[in-house]
Amino acid sequence: MDGLLQERTGQWPGVDTVDGRLSRFTFAVHGGLATRAAGRAWVLRRWDRHTDDMTPFSDEASPLASLAHQVRSSWDDVGGTDGFPLRSPADDQQIVDLYYGPNKSAARRATGGRRMRQWLTERRAVGGPPQPPAGGEDCGYTSVDGEGAVSVAAASSTDSALKRARVARNMTLEEAADALNAITGGAADASLMSAWESGRRRTGKRNRAGLCQLYRERPEVLFAHQDGAATSVLENSGTAVVVKVLARWTDLVEAMVDVVGGAREQLVVTGSRSREKAYLAAIETAVGQRPDLIHYRVLYGPPRHRALADHLVRLLELRDPGARRNGVKTLHMGIVEPTEALERFFVASETAAVVPLPSFHGAEGFDCGVLLSREAAVGLVHHGREACSSARPVETIEAVRALSVRHN
C-alpha cells in the first residue's frame with residue numbers, strides 16, 4: 001500500500017493518511033475464534049536409525065489399528081514362542097497388549113523391539129512433540145495419560161553371556177540374526193536367537209562359530225548356559241519319545257496319515273520322494289479344510305516322482321502363499337538346492353511326528369520308521385521351519401512346473 005501511495009502522490013504517506021485508511025478495518029477477534037480448551041490427542045511415533053515420524057490422532061482407535069496392523073505383519077516372528085499363541089488375535093487391543101504389554105516382555109526378546117520401533121501415548125494438551133524415554137531404548141505401547149512411561153527389557157546379571165554380548169553391542173535380536181546370517185549363510189531369525197539366549201534350544205556347531213566371530217568371544221563363555229544347563233525334557237524322556245516302531249510299510253503310511261490328520265496348528269513335511277496317494281491326499285485335505293493350519297513343505301532337490309509335483313500344484317491351487325490369515329502366512333514351500341545338503345524325511349505336527357527309516361527287511365527303500373511323541377515333534381517342527389526359511393521359495397505353479405521331475 002505504501003508503494004502505491006508513493007507512486008500516486010510522489011511522497012511517503014503521513015500518519016494522518018495511514019490512520020485514515022486503517023480506520024476502515026476492524027481487528028476485533030470474532031467470537032467463533034475464541035481460544036479452544038486443551039483437548040486430548042494420541043501421538044504415534046515410529047522411529048529407527050533412518051526415520052523418525054510422529055502422527056497425531058484425535059482418537060485412540062485409529063493409531064491402535066495402525067499398531068495392530070504392524071504387529072500382525074510381524075506375528076510370524078513370535079507366534080508359537082514364549083507363550084504367544086500361534087495365530088494372532090483378531091481384536092486390535094488384545095494383539096497390541098499381547099505384543100507390547102508390560103507382562104509380555106518376551107515379545108521384545110523375540111523381536112528385539114523390531115527395527116521400526118513404535119510408541120503411542122495420550123496427550124492431555126496438544127503441545128510439543130512427545131519425548132522418547134531416556135537412553136533411546138526400545139519401547140512398547142502404552143495408553144496411559146501424560147508421558148506414558150513404559151518398562152524396558154534390558155540385560156541383567158541373570159541373563160546369559162550370549163544375550164549380554166548382544167546387548168553390549170546395542171543390537172536387536174533381528175540385527176544380530178542378520179549379522180550372523182551374513183557370516184554363516186544361514187537363516188537364523190529373532191525367535192531362534194531368543195531361544196539360544198534363554199537356553200531353550202542349543203546352538204549348533206556352525207552358528208556357534210558364527211556367534212563367536214560376531215561377538216569376538218570364546219564358545220565356553222557364550223554357551224556356558226547351554227552346555228552346563230540341566231537336561232531338557234526331550235533328553236530326560238530318553239526312549240519314551242518313541243511311541244511306536246513301525247516295521248511294516250502299511251503301518252508307516254497309516255501313522256503318517258494320522259499325524260497329518262491330527263495337525264491343527266502346524267504341519268511340516270520334508271523330502272522329495274513322497275508318492276503315496278493316501279498320504280498326499282491327506283495333506284491336501286488338511287490344507288483345504290483347515291484354513292488356520294500352517295503348512296511347511298521342504299524339498300531336497302527336485303521331486304523324484306510326478307505324483308509329488310502334481311501334489312505341489314494342487315496345494316498352490318488350494319491356498320495362496322502370498323495371502324495372510326490374521327496376519328500369518330499359512331503356506332510355505334521351498335527347495336534346498338546345495339548338493340551337499342543331506343535329504344531328510346519326516347512329517348511333524350505340534351503333537352506327533354513320523355520319521356521314515358531305511359528298511360529293516362532289505363537294502364531297498366525306506367519302508368519302516370518310528371512314531372514320536374510331542375516332545376520330539378516340536379523339535380522337528382522347528383527343524384522344518386528353519387530349513388524352509390533358508391530354502392529357495394517354490395510358491396507359484398509356474399515355479400513348480402519348472403522343476404525337473406526325475407521319474408514320471
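The values are calculated or read from the model by the stated rules, or taken from the named source; none is laboratory data. Quick caveat: nothing in here was measured; it's all calculated off a predicted structure. Using ideal geometry, Cβ is built from the backbone for each residue, glycine included, and neighbour counts are taken over all protein chains shown.
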In the stretch 197-221, what count of residues is obtained for those that are among the acidic types (Asp, Glu) and in contact with a Leu (Cβ under 9 Å, 6 or more places away or on another chain)? 2
Can you tell me which residue among 240, 278, 282 is hydrophobic (A, V, I, L, M, F, W, C), part of a helix (DSSP H, G or I) and at pLDDT below 95? 240
Look at the stretch 376-402 and say how many of its residues are surrounded by 17 or more Cβ atoms within 10 Å (Cβ to Cβ) and either more than 16 Å from residue 270 (Cβ to Cβ) or not assigned by TED's automatic domain parsing to the domain that holds residue 308 (or both). 2
Report, ordered by the first and then the second residue, all pairs with beta carbons closer than 9 Å, sequence separation of six or more or different chains, a first member in the stretch 385-400 that is under 17 Å from residue 320 (Cα atoms), and a second member that is aromatic (Phe, Trp, Tyr) and not in a loop (DSSP other than H, G, I, E, B). 388/296
(1) more than 25 Å from residue 84 (Cα to Cα); (2) assigned to a helix (DSSP H, G or I): which one isn't true of residue 272, the others all being true? (2)
How many of the residues in the stretch 388-408 are part of a helix (DSSP H, G or I) and either at pLDDT 90 or above or charged (D, E, K, R) (or both)? 5
Determine if the stretch 222-243 includes at least one residue that is of a type in the set (Phe, Trp, Tyr) and within 30 Å of residue 406 (Cα to Cα). no
